[in-house]
Amino acid sequence: MTDVSTAASTGRVTVSPTEFVFVKYDANEIAEIVAELAARFDIPNPIHVIIDETTPLAKLSEELDGTGPAATITLHAESGALEDRQHPMSFSADNARESFGRILLRAHDRLRPDFADVPADIDLTLEENAAWDTYCVGRLARLGIRANQQRWRYNHRNRFGFDDGVDAAFDALWAADDLGWAEVLATARS
Amino acid sequence: MRQFFPVEDLARDERFVQTNMAERMKDGRTAIELKESSAKSRGATKRLTPERHDASDAARGLMHGIMVGEIQALEGAGRTAHDFAAGDGTNDTIPFELKLDMARQAWDEARHVEISAKLSDWMGTELGEFAENTVLFEAACSNDPILRLAGVNRALEGLAIDVFTQMKEFGDVAGDPYLEFCEDWMLADEVTHVKMGSDWLRKVTANDPDRRTKALEFQQVVDKLFSFGGARGESPESSFSLAKRFRELAGFTDDEVQTISEMDAEALAERRAAVLAYREKVGADAPA
């Protein structure tokens, strides 16, 4: 595996694979987008991005090997998360920004002391995932990154229910900033 | 008014981007497990249920596919009502009552397009957000009206029965009142459309067994295509299953349902083999 570095990064961003076979993606472009997002979120950590180009699914996850600014953040993305849905197998910078933005904000949250007890991504329940996604995408939208609120509202409703109380909780999470993990869950369940 | 409209000339505004089956099959990626034994061991299922981690996005994608499918079904039924002169069913004519049924179907499909567009909006999808596969309309381009009945009313609308049944269940389990209600009502229409195809196919070919055989062979080809490489089937790798009970209500015999089920399994195996061959060719594998 060869790494691709980008000078545009606040830290060092590497992407694997460096060349894609199944999709028309560019590792340098991906590295630049992640670096740009990391700079906007004030994340100084080294970041390693791993793309699974063999599946059109769109699962994302993040992990850290520590808690400080030197900890490496690893982002996992299935190729569908970065895809232009009108032109399958082609890259969409907008979708990449939304996808990487979402999990970079999660990584940013994980560096906070009040997220110390958050489970690893694989151990999160579907409800916990949805609540955290709502909280992250709301912040992304306020940073000017394109996000379809109704899409995320539907995702949230699918996990918490289709009623006015759930919608009010969604609106509160979407508008929130500076929450700890316990507050994210409490807001979603309010 | 122009007759026999080619798929390339379908009218769409700038929001829509079209693709076809040949393009889709060039995609060497797959969500299916490539080793048959590993699917169970991983405990994974691709069935479209709320338990999937990507449930809402998968449902949005399928809903958009339904919406463009309804547009093409409207176009297909409308073309069949218009393209053939009224007659006794021979020499490229169709009975006038069949034209009326096609007109009624076009009206139903127009309503379904509106419902599906509103459901897409409700689910957070923009019209045209996903590529439109024109394979459904292509099944409605035959010069023989009986092949159109086999391709559109039996294969395409049969697929709609399967998909709507899955989406109705999804809405029911997720607690989405609009999705469950709308899919249930559209499903009732689709059963009627398939029944119309089954009845007319038998009636018009009553004295022409060769034509009936050709139509049923054509239907099998289209049915296999509409399995989308095993997306429909009984395997946990398939997104939706064959809605056997509703297909029986729509006039499919037990043997016909069994044949489609076997073709779905074949399509999945063929897709698996094709992906493995492609991966071997490019020397690629999933990351560890």
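Throughout, read-outs are computed from the coordinates displayed, never taken from laboratory work. Just so we're clear, the structure is a prediction, and the values are computed from it rather than from any experiment. Here the Cβ is made from the backbone with ideal geometry for all residues, glycine too, and neighbour counts use every protein chain on show.
Which of the listed residues, B:ALA155, B:VAL222, B:GLY28, is farthest toward the dipole's positive end in chain B, when Lys, Arg count +1 and Asp, Glu count -1 at the beta-carbon? The residue sitting farthest along the positive end of the dipole is B:GLY28. Scaling the Cα radius of gyration of the stretch B:46-282 by the globular reference 2.2 N^0.38 Å produces a ratio of 1.01. Simple rule: put +1 on each Lys or Arg Cβ and -1 on each Asp or Glu Cβ in chain B, find the dipole, and look at B:GLN72, B:ALA267, B:PRO50; the Cα lying farthest toward the positive end is B:ALA267. Of the candidates B:LEU119, B:LEU100, B:LEU62, which one comes out as most mobile in a Gaussian network treatment of chain B with C-alpha springs shorter than 10 Å? The residue with the greatest mean-square fluctuation here is B:LEU100. Extending 7 Å from Cα along the Cβ direction at B:ASN207 and again at B:ASP27 yields two label points whose distance is 4.8 nm. Remark: the stretch A:141-156, residue by residue, has Karplus-estimated 3J(HN,Hα) of 4, 5, 7, x, 8, 4, 8, 8, 4, 5, 4, 6, 5, 5, 4, 5 Hz, where x stands for each Gly or Pro and the curve is 6.51 cos²θ - 1.76 cosθ + 1.60 at θ = phi - 60°. In this structure, the residue pairs whose Cα-Cα separation is over 32 Å, taken from A:LYS24/B:LYS214; B:LYS244/B:LYS281; B:LYS214/B:LYS244, are A:LYS24/B:LYS214; B:LYS244/B:LYS281. With each label modelled as a point 7 angstrom along the Cα→C-beta vector, the A:ALA175-B:LEU249 pair spans 4.5 nm.
Using only alpha carbons, the stretch B:160-251 has a radius of gyration to Kirkwood radius ratio (Rg to Rh) of 1.05.
Here the stretch B:180-209 and the stretch B:111-126 have alpha carbon centers that stand 24 Å from each other.
Computed over every Cα-Cα pair of the protein assembly as shown and binned at 10 Å starting from 0, the pair-distance distribution P(r) comes out as 4, 19, 27, 24, 15, 8, 3, 1, 0 percent. Enumerate the residues in the stretch A:118-135 having an amide nitrogen under 17 Å from the point lying 7 Å beyond the Cα of A:ALA71 toward its Cβ. Those under the cut-off are A:118-124. Taking amide H atoms as placed 1.01 Å from N in the peptide plane, the amide H of A:SER92 lies under 5 Å from those of A:GLU83, A:ASP84, each 5 or more residues away in sequence or on another chain.
Around the Cα centre of the stretch A:69-180, unit charges on the Cβ atoms of Lys, Arg, Asp and Glu (plus for the first two, minus for the last two) sum to a dipole of about 380 debye.
Residues whose amide H falls under 5 Å from that of B:GLU237, counting only those 5 or more places apart or on a different chain, are B:LYS46, with hydrogens built in the peptide plane.
Using Cα-Cα distances under 8 Å and only pairs 6 or more residues apart, what relative contact order does the stretch A:13-111 have, in percent?
Averaging sequence separation for qualifying contacts and normalising by length gives 28 percent for the stretch A:13-111.
Stretched out straight at 0.36 nm per residue, the stretch from A:LYS24 to A:PHE162 would grow longer than its current Cα-Cα span by 45.8 nm. Here the average projected area of the convex hull drawn through the C-alpha atoms of the stretch A:46-119 stands at 5.1 nm².
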